[in-house]
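Contents: one structure, followed by commentary.
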Amino acid sequence: MPVVMDEAKAEQFREDGYCILERVIPADDLTLLRDACQGFIERKHAEMDAAGTDTIGISHRHKRYFVSRCVETQPGLGRFVFGDVMAEICSKTLGGNAYLFYNQYVVKGGGPGSMTFSWHQDSGYVNANGGDIEHAPYLTCWCALDDVSEANGTIYVLPYGRLGIRTWVKHVKDPATNDWVGYFGDDRGVKVEVPAGSIALFSSYVFHSSGENSTDRPRRVFLAQYSSAPIMRADGSGPWAGAIPFLERGARVAATV
């Protein structure tokens, strides 16, 4: 298997909190992730219909969707989430131990009404929603299922050195969108423009945002997030989300969902 993440990329991740790996998702896994996406959007529509609303949390019908725990619902996605590519990435960013913490589709609808996504840290969302604020930063793998650009609402990241922040900060909720927001500065960050099959890696302490999708096609992303240890609820009652073992002392362990 070709090297997915060389030492230069690993060093960039350590120093800046992010790096970009272009065209590293195997073609059959990219097809798998794309084929499953629409079914999860339809599940979100059914959930909205049942609740008589067009907004559930930070999902807004036809504008943007966040559909979580997809691997637990459709275990076949584990072929990618627990595959060779992700094993190499986790070992070079988290170390010997890795747990699947969270996974979701993030889809941005195109055309009029498309929404931005406010500046935030992923750990900011965990801590704002009952997570243990002492948790170590975890790894977000932002997997582009389509070519992504400024036109279709790609993400922007703020490297550690550029912002000077390497810890989580308290976020405030925007009542208009339900977004949790942690950065209000003027820096637009580094724009991520990559072809489908690429992965943007960033720490859960790295601020990122996304723009509007002005095209007539959805912008599809699969998010796989891994932690070096289970992330617990603040009250100690159990894991905040998932804690599915993936790597143990550098060795792959049987993953079950």
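The values are calculated or read from the model by the stated rules, or taken from the named source; none is laboratory data. Note that the coordinates shown come from a computational prediction; the quantities given were computed from them, not determined experimentally. When we count neighbours, we look across all protein chains shown, and the Cβ atoms used for this are built from the backbone with ideal geometry, even at glycine. Side chains are part of the model used for accessible areas, which takes the heavy atoms of the whole protein and leaves out ligands, DNA and RNA. Shrake-Rupley method; radii C 1.70, N 1.55, O 1.52, S 1.80 Å.
According to a simple spin-label model (label point 7 Å from Cα along Cα-to-Cβ), what is the distance in nm between A8 and R162?
With each label placed 7 Å out from Cα toward Cβ, I get 1.9 nm.
Could you work out the relative contact order of the chain? I mean the mean sequence separation of Cα pairs under 8 Å and 6+ apart, divided by the number of residues, in percent.
Across the chain, relative contact order equals 31 percent.
Counting helices only, and only those DSSP H runs with n ≥ 4, report the 222 nm mean residue ellipticity of the chain as the sum of -39,500 (n - 2.57) divided by its residues, in deg cm²/dmol to the nearest 500.
On the way: 7 runs with 64 residues, N = 257.
-7000 deg cm²/dmol, from helical runs alone.
Please list 3J(HN,Hα) in residue order for segment 44-61, calculated via the Karplus relation 6.51 cos²θ - 1.76 cosθ + 1.60 where θ = phi - 60°; whole Hz, with x for glycine and proline.
For segment 44-61, the Karplus-derived couplings read 5, 4, 4, 5, 5, 4, 5, 8, x, 8, 9, 9, 10, x, 9, 8, 10, 3 Hz, x marking Gly and Pro.
If you take every residue apart from G242 with its C-beta less than 11 Å away from the C-beta of G242, what net charge results, scoring Lys and Arg +1 and Asp and Glu -1?
0
Just the accessible area for D84, please: 1.4 Å probe, Å², rounded to the nearest 10?
Accessible area, nearest 10 Å²: 80 Å².
Would you mind computing, in nm to one decimal, how far apart the modelled labels at V169 and T31 are, each placed 7 Å from Cα along Cα→Cβ?
Going by the 7 Å Cα→Cβ label model, 4.5 nm.
Given a cut-off of 29 Å, name the pairs among K92/K173; K92/K191; K63/K92; K63/K173 whose C-alpha atoms lie farther apart than that in the structure shown. Write down the numbers at each step before the final one.
Details: K92/K173 34 Å; K92/K191 24 Å; K63/K92 35 Å; K63/K173 19 Å.
Distance filter (> 29 Å) returns K92/K173; K63/K92.
Of the listed values [x] 25, 21, 20; [y] 35, 21, 16; [z] 26, 23, 16, identify the label whose number matches semi-axes √(5λ) of the Cα gyration tensor in Å calculated from this model.
[x]
Can you list the aspartates and glutamates whose alpha carbon sits under 20 Å from that of K9, skipping same-chain ones fewer than 8 residues off?
The reachable aspartates and glutamates, counting only those whose Cα sits under 20 Å from K9, are E22, D84, E88, E193.
Between segment 1-21 and segment 202-225, what is the C-alpha centre distance in whole Å?
Each part reduced to its Cα centre gives a spacing of 19 Å.
Can you grab the distance from the C-alpha centre of segment 72-105 to the C-alpha centre of segment 139-200, Å, no decimals?
So the two Cα centres are separated by 21 Å.
Given a 10 angstrom Cα cut-off, can you work out which residue in D35, D179, D132 is the most mobile in a GNM of the chain?
D35
Is segment 184-257 rounded, prolate or oblate when judged by the Cα gyration tensor, a ≥ b ≥ c being the square roots of its eigenvalues, rounded requiring a/c under 1.5 and prolate requiring a/b larger than b/c?
prolate
So, by mean Cβ neighbours within 10 angstrom, what's the order for 107-116, 142-151 with the highest one leading? Walk me through the intermediate numbers first.
Details: 107-116: 18.2, 142-151: 20.9.
Sorting 107-116, 142-151 by mean packing, highest first, produces 142-151, 107-116.
How would Y102, Y160 rank on accessible area, largest to smallest, probe 1.4 Å?
On the way: Y102 50, Y160 20 Å².
Per-residue accessible area, sorted high to low, gives Y102, Y160.
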